[in-house]
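*Asks:* Supplied in structure tokens, the structure appears directly below.
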Amino acid sequence: MLSWKPVPADATVVAPDERLSWPRTIGIGAQHVVAMFGATFLVPVLTGFPPSTTLLFSGIGTIAFLIVTGNRLPSYLGSSFAVIAPVTAAVGAHGTGSALGGFMVLGAVLIAIGALVHLVGTHWIDVVLPPVVTGAIVALIGFNLAPSAKDNFEKGPIAGLVTLVLMVAVLAFFRGLIGRLAIFLAVVVGYLVALAMGDVDTSVIASAAWIGFPDFHTPSFNLAVLPLFLPAVIALVAENIGHVKSVSQMTGRDLDPVTGRALMGDGLATMFAGAGGGTATTTYAENIGVMAATRIYSTAAYWVAAIVAIALSLCPKIGAVISAIPPGVLGGATVVLYGLVGIVGVRIWLTNHVDFAKPVNQMTAAIPLIIGIADFTWKAGDLVFTGISLGSIAALLVYHGMRLLTATRNGIGRPQERESVDTDHR
């Protein structure tokens, strides 16, 4: 598994099972670390988790992913934004351990789905979770976080505005690798602005050691928080399948047989994180951007990136610097990032040509979005269903319920009406 075919430095494309010289491969691996860094460290900062621990388990999770996929699928596993809302709710109600227990269950479910996909393919996912449902759930996960972005932004509007404007400007002006580093660059500049304004507590940074182990936490299992995490499964499935298809298109290789392994690898990485105090993981689009810019798809670079991330996690000083990012900077960054999570859902609709002239698609999108954005809440004993959970349930019930009613109506109606039922899934 750990052998790659060497190719010359002037190779125009480097396949997953190939590599450049090791010095060049290490350089590419370092680029992957920088590309994933901005988004990966924001999740633990926003949720109160130790950044160094998250960084450690992102490296460990990436190695696990590469092993499970047989070194065939180049990918870095960073922090998932789909779990921010459930983590915040779980930690507030039952403590950090309950959120980690949620990650363990989330990872186990993802492994089970991956095993099923590996055995029978992805068609059943398209039936149970058609694009209109998946898009609605992914969209409401992002838009549900809007109040959090607003609260952080208002705590430091100047630094937040600098961060927000710079992120947009970098994305608009630069292409290739620099454009992909927009999050990282904007947060660094916003951080420096906040530092100049005296909004950064540097005492913790000064007292942190240069070398040491990150903080570890153990999971606890609380039935009440599980409904919070289950909608994130849908987002992670969509992200992983989309990642496989993107890499397959770029490399010109049929990677569909690896889809189940990718889901299992991500599930295993998430369980590792939950067992030790990291955050749930997902395959990163930022690193797809690096591959698109360099046309280097070698999995050797991702092994290097994982090892570098693990090494960085053993420097508490770096973790202290990350933890000291002021709320205003986070607010500026998350105005963009949370919105982009929502737009990913819209993109799912557009990519799959969802026809919103059909009432079933209109209702499947409209009702869950309002429930998720308004953050409806319902308590059933010890169980608490928030806007994301209720919105996800609504998307499934509305879609399949309306489909069933339409099929029932057409079953007793005209034959030509029955023929149109099978097209409503688009």
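The values are calculated or read from the model by the stated rules, or taken from the named source; none is laboratory data. On a predicted model such as this, the values are computed, not experimentally measured, just so you know. Please note: Cβ atoms are built from the backbone with ideal geometry, for glycine as well, and neighbour counts cover all protein chains shown. Only protein heavy atoms, including side chains, enter the accessible area calculation; ligands, DNA and RNA are left aside. Shrake-Rupley method; radii C 1.70, N 1.55, O 1.52, S 1.80 Å.
*Asks:* Using a Förster distance of 22 angstrom, determine the FRET efficiency expected from the C-beta separation of L383 and A112, and round it to 0.05.
*Replies:* E(calc), rounded to 0.05, equals 0.55.
*Asks:* Still on this model: So if R0 is 22 Å, what FRET efficiency would D201 and I158 give, r being the distance between their Cβ atoms, rounded to the nearest 0.05?
*Replies:* Result of the calculation: an efficiency of 0.80.
*Asks:* A293 versus A374, label points 7 Å from Cα toward the beta carbon: distance in nm?
*Replies:* 4.3
*Asks:* Here is a follow-up. Relative contact order for the range 1-125 using alpha-carbon pairs under 8 Å, separation at least 6, rounded to a whole percent?
*Replies:* Dividing the mean separation by the residue count of the range 1-125 yields 19 percent.
*Asks:* Collect residues whose amide H, placed 1.01 Å from N in the peptide plane, falls under 5 Å from the amide H of R19; neighbours closer than 5 in sequence don't count.
*Replies:* Under 5 Å from the amide H of R19: K5, V7.
*Asks:* Any idea what the dipole of the chain comes to, in debye rounded to 20, about its Cα centre with Lys/Arg Cβ at +1 and Asp/Glu Cβ at -1?
*Replies:* 460
*Asks:* In the range 135-162, whose amide N lies under 17 Å from the spot 7 Å out along Cα-to-Cβ of L397? List them in ranges.
*Replies:* Answer for this model: 137.
*Asks:* So, one more: Could you work out what % of the accessible surface of the chain is carbon and sulfur, using a 1.4 angstrom probe and leaving DNA, RNA and ligands out of the count?
*Replies:* 68
*Asks:* Can you give the accessible area per residue of the range 41-166, in Å², using a 1.4 Å probe?
*Replies:* About 31 Å² of surface per residue is accessible.
*Asks:* Moving to a separate point now. Using a Förster distance of 35 angstrom, determine the FRET efficiency expected from the C-beta separation of R175 and T351, and round it to 0.05.
*Replies:* 0.95
*Asks:* ³J(HN,Hα) across the range 332-338 via Karplus (A = 6.51, B = -1.76, C = 1.60, θ = phi - 60°), whole Hz, x for Gly/Pro?
*Replies:* Running phi through 6.51 cos²θ - 1.76 cosθ + 1.60 with θ = phi - 60° gives x, 5, 7, 4, 6, 5, 5 Hz.
*Asks:* Charges on Cβ only, +1 for Lys and Arg, -1 for Asp and Glu, centred on the Cα centroid of the chain; of L397, A186, P23, which one is farthest towards the dipole's positive end?
*Replies:* Positive-end residue among those listed: P23.
*Asks:* At 0.36 nm per residue, minus the direct Cα-Cα distance, what do V128 and V188 gain on full extension? Give it in nm, one decimal, please.
*Replies:* Computed gain between V128 and V188 is 17.4 nm.
*Asks:* Also, I was wondering about something else. Based solely on its DSSP helices, what 222 nm [θ] is calculated for the chain when runs of n ≥ 4 H residues each add -39,500 (n - 2.57) and the sum is averaged over all residues, nearest 500 deg cm²/dmol?
*Replies:* For the chain, the value works out to -23000 deg cm²/dmol.
*Asks:* If you don't mind, there's one more thing I want to ask. Let me check against my output: what whole-number percent is the relative contact order of the chain, with C-alpha pairs under 8 Å and at least 6 apart?
*Replies:* 33
*Asks:* Moving on to the next point. Could you rank the peptides 362-371, 399-408 by their average count of other C-beta atoms within 10 Å per residue, with the highest value first?
*Replies:* Answer by packing, highest mean first, reads 362-371, 399-408.
*Asks:* With the contact rule set at Cα under 8 Å and sequence spacing of 6 or more, what percent relative contact order holds for the range 142-193?
*Replies:* Relative contact order, the range 142-193: 36 percent.
*Asks:* What ³J(HN,Hα) values, in whole Hz, does the Karplus curve 6.51 cos²θ - 1.76 cosθ + 1.60 give for the range 112-125 when θ = phi - 60°, with x put for Gly and Pro?
*Replies:* Along the range 112-125, the couplings run 4, 5, x, 4, 5, 4, 4, 7, 10, x, 9, 4, 5, 5 Hz.
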